[in-house]
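Here the structure is laid out as structure tokens; the discussion comes afterwards.
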Amino acid sequence: MKFIQYKIGDIVQMKKKHPCGSQEWEVMQLGADMRVKCCGCGRMVLIARPKFIKGTKKILNRDMNEKLELKKRSEESTMG
């Protein structure tokens, strides 16, 4: 299984259509829940990451052969 890294602004095609008829969604927020915006009607929806990954067909606006550099987390500073 290949790990897919999503970025804010990615346009993804989902397996099921939205009631407006569009299958394209724009990624607005990343995390445990993914906030996506329908490209057809503009509705914003919050989807759990596992459900989002399972329902995604492909990323439309990005070449999947391009290598993305994985960014390391910076050390968190402790707030007094």
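Throughout, read-outs are computed from the coordinates displayed, never taken from laboratory work. Being a predicted model, the structure only gives us computed values, none of them experimental.
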Legend entry - Under-5 Å amide H pairs with MET34, H placed in peptide plane, nonlocal only: ILE47, ALA48, ARG49
Inset, instruction - Can you pull a Stokes-Einstein diffusion coefficient for region 1-52 at 10 °C (1.306 mPa s), Rh from Kirkwood over Cα pairs, as a whole number of µm²/s? - result: 141 µm²/s
Legend entry - Nonlocal amide H pairs with LEU60, under 5 Å, H built at 1.01 Å: ILE11, VAL12, GLN13
